[in-house]
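K.L.:
Pasting a structure below so you can have a look.
Laboratory data are not the source of any read-out in this text; all were calculated from the coordinates shown. In this text, all values refer to a predicted model and were calculated from it rather than measured experimentally. Don't worry about glycine lacking a Cβ; one is built from the backbone with ideal geometry, like all the others, and counts go over all protein chains shown.
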Amino acid sequence: MEARLNVFANPLAGQVIKHLNAVGQVVAESGLPAATQELVKIRASQINGCGFCTDMHTKDAAAAGETVQRMNLVATWREAKVFTEEERAALELVEEGTRIADAAGGVPDDVWMNAVKHYDENQLFGLMTLVALINAYNRMNVILRMPAGDYQPGMFEH
């Protein structure tokens with residue numbers, strides 16, 4: 001399987017990805033725990049059916065010390081005992097923010113208020129931005145049919 005377009009050779013794609021990555025760097029420095037960031041990226045990518053991002057973020061999480069058990073249970077986090085209350089609040093918010101079209105009123109107040117209990121304003125904005133960012137990446141990669149499986153942690157770092 002090959003992608004529909006080679007984003008690594010396209011100048012416009014390169015500019016867009018550079019700017020998206022810059023936003024990602026700001027989010028990475030928001031104070032939102034790194035493990036939570038990876039769980040959020042994995043969960044959104046699962047929901048959106050983005051194999052490329054699921055591959056990337058599970059491998060990045062594993063390289064950062066995340067356990068196989070927790071990565072395997074991200075899709076079923078509600079029934080799993082291995083996530084903290086803070087992580088559960090973030091996973092709930094990413095699900096609601098990713099499935100925003102499924103809820104006529106957007107993200108429910110109780111979901112937002114649960115996140116507010118666990119994160120400060122910078123972390124909340126970082127979490128919200130991360131949800132938007134990973135959804136943008138997922139949509140681009142799904143549309144392009146980016147193949148999954150070849151990613152190696154750190155391969156896109158310059």
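K.L.:
Taking V68 and the conditions (1) of a type in the set (V, I, T); (2) within 27 Å of M1 (Cβ to Cβ); (3) under 16 Å from the mean Cα position of the chain (by Cα), which numbered condition does it fall short on, given that it satisfies the others?
P.N.:
(3)
K.L.:
Can you tell me which residue is farthest from E87 (Cα to Cα) among those in the range 106-149 that are touching a residue at least 40 places away in the same chain (Cβ under 8 Å) and of a type in the set (D, E, K, R)?
P.N.:
Applying the filter and picking the extreme gives R145.
K.L.:
Hey, can you tell me all the residues within the range 62-114 that are small (G, A, S), out of contact with any Phe, Trp or Tyr (no Cβ under 9 Å at 6 or more places or on another chain) and surrounded by 12 or more Cβ atoms within 10 Å (Cβ to Cβ)? Let's see the steps before the verdict.
P.N.:
Taking the range 62-114 and keeping what is small (G, A, S), we get 62-65, 75, 80, 89-90, 97, 101, 103-106.
Remaining after also requiring out of contact with any Phe, Trp or Tyr (no Cβ under 9 Å at 6 or more places or on another chain): 62-65, 75, 80, 97, 101, 103-106.
If the condition is that a residue be small (G, A, S), out of contact with any Phe, Trp or Tyr (no Cβ under 9 Å at 6 or more places or on another chain) and surrounded by 12 or more Cβ atoms within 10 Å (Cβ to Cβ), then A62, A63, A64, A75, A80, G97, A103, G106 are the ones that fit.
K.L.:
Quick check: is even one residue across the range 26-42 of a type outside the set (S, T, N, Q), outside any helix (DSSP H, G or I), in contact with a helix residue (DSSP H, G or I) (Cβ under 6 Å, 6 or more places away or on another chain) and over 16 Å from F156 (Cβ atoms)? Spell out how you get there, then give the answer.
P.N.:
Here is the first cut: in the range 26-42, the residues of a type outside the set (S, T, N, Q) are 26-29, 31-35, 38-42.
From what's left, outside any helix (DSSP H, G or I): 29, 31-33.
Of the ones still in play, those that are also in contact with a helix residue (DSSP H, G or I) (Cβ under 6 Å, 6 or more places away or on another chain) are 31-32.
Right, trim to over 16 Å from F156 (Cβ atoms) and you get 31-32.
Yes.
K.L.:
In this structure, is L20 touching a residue at least 60 places away in the same chain (Cβ under 8 Å), among the hydrophobic types (A, V, I, L, M, F, W, C), assigned to a loop (DSSP other than H, G, I, E, B) and surrounded by 13 or more Cβ atoms within 10 Å (Cβ to Cβ)?
P.N.:
Working: touching a residue at least 60 places away in the same chain (Cβ under 8 Å): yes; among the hydrophobic types (A, V, I, L, M, F, W, C): yes; assigned to a loop (DSSP other than H, G, I, E, B): no; surrounded by 13 or more Cβ atoms within 10 Å (Cβ to Cβ): yes.
Spelling it out, it is not the case that L20 is touching a residue at least 60 places away in the same chain (Cβ under 8 Å), among the hydrophobic types (A, V, I, L, M, F, W, C), assigned to a loop (DSSP other than H, G, I, E, B) and surrounded by 13 or more Cβ atoms within 10 Å (Cβ to Cβ).
K.L.:
Here's another thing I want to ask about it. Give the residue that is farthest from the chain's Cα centre (by Cα), with candidates limited to residues of the range 108-158 that are among the polar types (S, T, N, Q) and closer than 17 Å to F52 by Cα. Explain how you work it out, then say what you get.
P.N.:
Of the range 108-158, the ones among the polar types (S, T, N, Q) are 114, 122-123, 129, 135, 138, 141, 152.
Among the residues that remain, those that are also closer than 17 Å to F52 by Cα are: 135, 138, 141, 152.
Values: N135: 7, N138: 9, N141: 13, Q152: 17 Å.
Restricting to residues being among the polar types (S, T, N, Q) and closer than 17 Å to F52 by Cα, the top hit is Q152.
K.L.:
Shifting gears a bit: Is it true that some residue in the range 6-15 is among the aromatic types (F, W, Y) and without any contact (Cβ under 8 Å) to a residue 60 or more places away in the chain? Please lay out each step first, then the result.
P.N.:
Of the residues in the range 6-15, the ones among the aromatic types (F, W, Y) are 8.
Then drop every residue that is not without any contact (Cβ under 8 Å) to a residue 60 or more places away in the chain, which leaves 8.
Yes, there is a match, as at least one residue in the range 6-15 is among the aromatic types (F, W, Y) and without any contact (Cβ under 8 Å) to a residue 60 or more places away in the chain.
K.L.:
Of the residues V74, V107, which is in contact with a helix residue (DSSP H, G or I) (Cβ under 7 Å, 6 or more places away or on another chain) and within 24 Å of P153 (Cβ to Cβ)?
P.N.:
The unique qualifying residue is V74.
K.L.:
Please determine whether any residue of the range 78-97 is in contact (Cβ under 8 Å) with a residue 40 or more places away in the chain, more than 22 Å from A132 (Cα to Cα) and out of contact with any Asp or Glu (no Cβ under 8 Å at 6 or more places or on another chain).
P.N.:
yes
K.L.:
Here's a follow-up. Of the residues that sit in the range 28-61 and are over 23 Å from M1 (Cβ atoms) and among the hydrophobic types (A, V, I, L, M, F, W, C), which one is surrounded by the most Cβ atoms within 10 Å (Cβ to Cβ)?
P.N.:
Of the residues in the range 28-61, the ones over 23 Å from M1 (Cβ atoms) are 28-40, 43, 61.
Of the ones still in play, those that are also among the hydrophobic types (A, V, I, L, M, F, W, C) are 28, 32, 34-35, 39-40, 61.
Working: A28: 13, L32: 23, A34: 13, A35: 18, L39: 24, V40: 28, A61: 23.
Filtering first and then ranking leaves V40.
K.L.:
Do the conditions hold for T54, that is, is it within 18 Å of M155 (Cβ to Cβ), under 16 Å from the mean Cα position of the chain (by Cα) and β-branched (V, I, T)?
P.N.:
Numbers: within 18 Å of M155 (Cβ to Cβ): yes; under 16 Å from the mean Cα position of the chain (by Cα): yes; β-branched (V, I, T): yes.
Yes; evaluated as a whole, the condition is true for this residue.
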